[in-house]
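What follows is one structure encoded as structure tokens, with my remarks underneath.
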Amino acid sequence: MKKIYTGLAVFSLIAMLSFDKTAAEPVKSIESAFISSLPEVKKHKMKNDINLLYLEDDLPVTVIYASISFGKMYETAVNAGIADVLSRTISIAGTVSYPGNSMYQKLESIGGEINISAGWETIGIEIKVLSKYSDLAFNILGDILKNPVFDEAGAASAKKLVLEKMKRDKDKPDETGVLKLREIIFGGSGYGAVPTENSIGAIDPLSLKTVWNRYASGGNITVAVSSSESENEVRTLADKEFSAVAKGGREFYTIDRDKIISNLKSVSGNIYLIPAELEQATIYTGTLAPEIKYNGNYALYMMNYILGGGSFSSRLMNEIRVKRGLAYSVYSLVRNRRNTGVFISFVQTRNESAAEVLSLIHDNIKLISEEPVAEEELQWAKESVKNSYVFRFSTINDLLGNFLEVEYNDLDAGYFKNYLDNINRVTADDIVNEGAKMFSQGLVTVVVGNRKLEKDLSRFGKVIICE
């Protein structure tokens, strides 16, 4: 790994010095050398179907990241919030061998750390220790996988924390707005599942245990390890601690894409206004995006980079902030996941300029999905993406996260090494075609702002007040 990070430092320096388009060729050769030098992960499938990934590291540190295929995308309106409650319950109640906070105390006593959290598609368990304590780290992870404690006290404490966070988020217009946007686009399930007091209240230890027993098994678990310990030593520890985990196949969330598109078309153009006595209006627009394996995603990535993902040089930033000074924060993103995806744009502006800003957002989305971008603009975006790509691999956590993403989504083994080549193949026609295809599904707007905005916003579509 020393060679990797030395290469990273050299690449970063030269990339910064070579930002001028005239230096494109030197940057290209260096970036190619760096990408080709990325370490190869060693894979091993255990007898119970757990996927074990190994990455050798020169540092005397062991980092273990376990990924269980269950997260917020698996939720419905009925059990929304269960992934968060589940991860917090394990953090609070611990395991049979390490009850309560004893696993935290044990790890802290040796300078280690652990984090358990719920993501959109997975429950993640990360443990870091000095390599000489690898056996303890594997033992703790094994007990979490096999013997988590789901008791009344732990579940009650976890639910209380989740409810408290929900209450805090209600006072945050950015959180309120994006929750409502996803709920509308995805119909209240998966990406659109919004936790409520009722859905959290209905979660009990039995429901948590049922979910864990169903998803925390064999093929639904991937364990990625970076360590100075040898591959054989890591496999021996894994066999010792994980072999008793129940065997099981892979199970993923499902979505009804046709139903989502049908619903999206029926509400397209609507503006959902959430009244809030604030000086600023928070504006979200969004639509459905493709799943991660969709071939047109490289064009959509470049479309979004030019539209609002490319910081100060993006169109939305230039039109809304730089030229007119109407907002401080403005951006857009496309997030592709295993079975679905989402496009979102975001801006915060004064209430009195909300209508003007919304008009600029709509105009720029329309423009990029109807007219090919200029060749100079496309080349700028490609160079920016290439020059920043290396930073996706700057830490061990980044590397492990990338490998886990490949595994979870069944991506080609060369996904990251071929990424820049695929970006470089994107044409202006690809961008306009894929943009038009995505935005033709419909576009929804959510505004968190003064109720008096209703009249001005009605110029752009039907305004629906969300109390």
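The values are calculated or read from the model by the stated rules, or taken from the named source; none is laboratory data. Since the structure is predicted, the reported quantities are computational estimates derived from the model, not experimental observations. Note that we place each Cβ from the backbone using ideal geometry, even for glycine, and neighbour counts take in every protein chain shown.
Figures for the structure shown
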read-out: Any hit, the stretch 355-375, residues being among the charged types (D, E, K, R), at pLDDT below 95, out of contact with any Asp or Glu (no Cβ under 8 Å at 6 or more places or on another chain) and closer than 24 Å to residue 422 by Cβ; value: no
read-out: Positions within the stretch 434-467 being of a type outside the set (Asp, Glu), crowded, with 16+ Cβ neighbours inside 10 Å and assigned to a helix (DSSP H, G or I), in sequence order; value: 435, 438, 439, 453, 457
read-out: Condition check for residue 194: closer than 21 Å to residue 85 by Cα and assigned to a helix (DSSP H, G or I); value: no
read-out: Cross-chain or 6+ apart pairs with Cβ under 6 Å, the stretch 121-141 first and farther than 16 Å from residue 397 by Cα, then in a helix (DSSP H, G or I) and of a type in the set (D, E, K, R); value: 138/241; 139/241
read-out: Residue among 358, 300, 367, 307 that is in a helix (DSSP H, G or I) and closer than 21 Å to residue 183 by Cβ; value: 358
read-out: Count of residues meeting criterion [over 24 Å from residue 397 (Cα atoms) and either surrounded by 14 or more Cβ atoms within 10 Å (Cβ to Cβ) or among the hydrophobic types (A, V, I, L, M, F, W, C) (or both)] in the stretch 100-117; value: 1
read-out: Residue satisfying condition, being small (Gly, Ala, Ser), more than 28 Å from residue 345 (Cα to Cα), out of contact with any helix residue (DSSP H, G or I) (no Cβ under 8 Å at 6 or more places or on another chain) and at pLDDT 95 or above, within set 226, 207, 217; value: 217
read-out: Subset of the stretch 119-129 [within 15 Å of residue 222 (Cα to Cα) and assigned to a strand (DSSP E or B)]; value: 123, 124, 125, 126, 127
read-out: Selection count, the stretch 388-431, where residues are over 28 Å from residue 115 (Cα atoms), in a helix (DSSP H, G or I) and of a type in the set (D, E, K, R); value: 3
